[in-house]
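Enquirer: One structure follows; several queries about it will come next.
The values are calculated or read from the model by the stated rules, or taken from the named source; none is laboratory data. From a predicted model like this one, the values you see are computed outputs, not experimental measurements. Cβ placement follows ideal geometry from the backbone for every residue including glycine, while neighbour counts extend to all protein chains displayed. Side chains included, ligands, DNA and RNA excluded: accessible areas come from the protein's heavy atoms. Shrake-Rupley method; radii C 1.70, N 1.55, O 1.52, S 1.80 Å.
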Amino acid sequence: MTRQAYVNGVYVAADEATISPFDRGFLFADAVYEVTAVYGGQPIDLERHLDRLERSLKELKFGALPDRKELAEAHRKLIAANRISEGFVYTQVSRGAYGGRDFVAPDKPRLTTFLFAETKALLDVPAARNGIKVVSVADIRWGRRDIKATGLLAPVLAKTEAKAKGADDAWLVGQDGLVTEAGSANAWIVTKQGEIVTRALSHAILPGITRHALFDVLAQQGRKITERSFSIEEAQAAAEAFNTSAVALVAPVVELDGQPVGSGKPGPVTRQIQKLYYQAIGADVAKVAPWVNE
Ligand code: PDD
């Protein structure tokens, strides 16, 4: 089966998709992106991803938006054409190509829109089952992390450093000494008092769509989330910790800078949150992730 991708309104074989080397996404990382989880052949929280994409483009003053209906349709068509049951759709929109290099953004953008879809196990994976090890790395990113821009050198370096240290991910620590987020996920702790904590939204972190979904599923259970910052030391002393993102979904963090978090195993609150989130996206938990009930 030839993998299909989408470039500027045209469905093409992914291997044959081309974008100009003059594209501002390539020259300046003048581009934004979204990663939408796919489960049961359906894009998860697609409207919220499209809302965030449009917000990112507006914040960067792109002056134009891709057609929203066409983007939604492209998600569905790529999921079907590539027969994705579980995985993700990647969407990138850049300010386009102009045959030269000028820092100043053009008055009239000619957007480059690129989408591809990939099969990837999201639920029944070792990270979700057994948890992940995390190391802390200084957060050297720019000041508008609420915009989902493609300039991702800082997380590339942080995650590569984490791997070199035998860990699975990095938690980024800002100049205030407090955790901003994970390399490509939001960071959470559960305190020994049972408080579920994640950093408040600001320019310092990405407003995660999975983070937002947890607010909904926990509110339905009458459980509160506390939005505040925390340090690595507080997280090491916490009962539990976890990451959330469209590809990690809910991943327990069982070790932080070489110290076990809580029991060093995924804790009961994280398991409950995994279960609630998996159910919310339509998973038959007893069948696909029975370990959440163990
Ligand atoms: N990353 N924080 C950062 C820095 C991220 O890059 C991401 C997602 C998140 C979680 O957001 P969401 O729940 O909407 O996926 C938080 C994607 C998955 C990526 O870059 O691959």
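Enquirer: How far is helix 268-280 tilted off the main Cα axis of the chain, in degrees rounded to 10, range 0 to 90?
Expert: 40
Enquirer: How big is D, in µm² s⁻¹, for the range 126-293 by Stokes-Einstein at 37 °C and 0.692 mPa s if Rh is the Kirkwood radius over C-alpha pairs?
Expert: 207
Enquirer: Taking the range 4-119 on its own, what percent of its Cα-Cα pair distances exceed 19 Å?
Expert: Looking at the range 4-119, the distances longer than 19 Å represent 44 percent of pairs.
Enquirer: Put a dot 7 Å past each Cα toward the Cβ at Ala138 and Ile19; how far apart are the dots in nm?
Expert: Result for the modelled spin labels: 3.1 nm.
Enquirer: What accessible area per residue comes out for the chain, rounded to a whole number of Å², with a 1.4 Å probe?
Expert: Solvent-accessible surface per residue comes out at 47 Å².
Enquirer: Using a 1.4 angstrom probe on the protein heavy atoms only, line up His212, His75 by accessible area, largest first.
Expert: These residues rank, largest area first, as His212, His75.
Enquirer: Leaving ligands, DNA and RNA out of it, report the carbon-plus-sulfur percent of the accessible area of the chain at a 1.4 Å probe.
Expert: So the carbon and sulfur contribution to the accessible surface is 52 percent.
Enquirer: Once both labels are modelled 7 Å past Cα along the beta-carbon direction, what's the Lys108-Ala80 spacing in nm?
Expert: Between Lys108 and Ala80, the label points sit 3.4 nm apart.
Enquirer: Right, here's the next one. Per 10 Å bin from zero, what fraction in whole % of the C-alpha pairs of the range 206-294 is there, up to the bin with the longest pair?
Expert: 16, 47, 33, 4
Enquirer: In Å and from the alpha-carbon atoms only, list the Rg and Dmax of the range 82-170.
Expert: 17.7, 50
Enquirer: Let me ask another. Largest first, please: the extent of the C-alpha atoms of the chain along each principal axis, to the nearest Å.
Expert: Extents along the principal axes, in whole Å: 57, 44, 37.
Enquirer: Per DSSP helix of 4 or more residues, -39500 (n - 2.57); summed, then divided by the residues of the chain. What does that give at 222 nm, rounded to the nearest 500?
Expert: So the helix-based figure for the chain works out to -8000 deg cm²/dmol.
Enquirer: So for the pair Ala219, Asn130, with labels modelled 7 Å out along Cα→Cβ, what separation do we get in nm?
Expert: Modelled inter-label distance: 3.7 nm.
Enquirer: How long is the range 196-238 along each principal axis, judged by its Cα atoms, biggest number first, in Å?
Expert: Result for the range 196-238: principal-axis Cα extents of 31, 25, 13 Å.
Enquirer: Moving to a separate point now. Within 10 Å, Cβ to Cβ, of Gln236, how many net charges do the neighbouring residues add up to if Lys/Arg are +1 and Asp/Glu are -1? Intermediate results must be reported in sequence, preceding the final value.
Expert: Details: positive: none; negative: Glu233, Glu234, Glu255, Asp257.
Net charge around Gln236: -4.
Enquirer: While we're looking at this one, here's another question. Calculated FRET efficiency, Thr226 and Thr160, Cβ-Cβ r, R0 25 Å, to nearest 0.05?
Expert: 0.20
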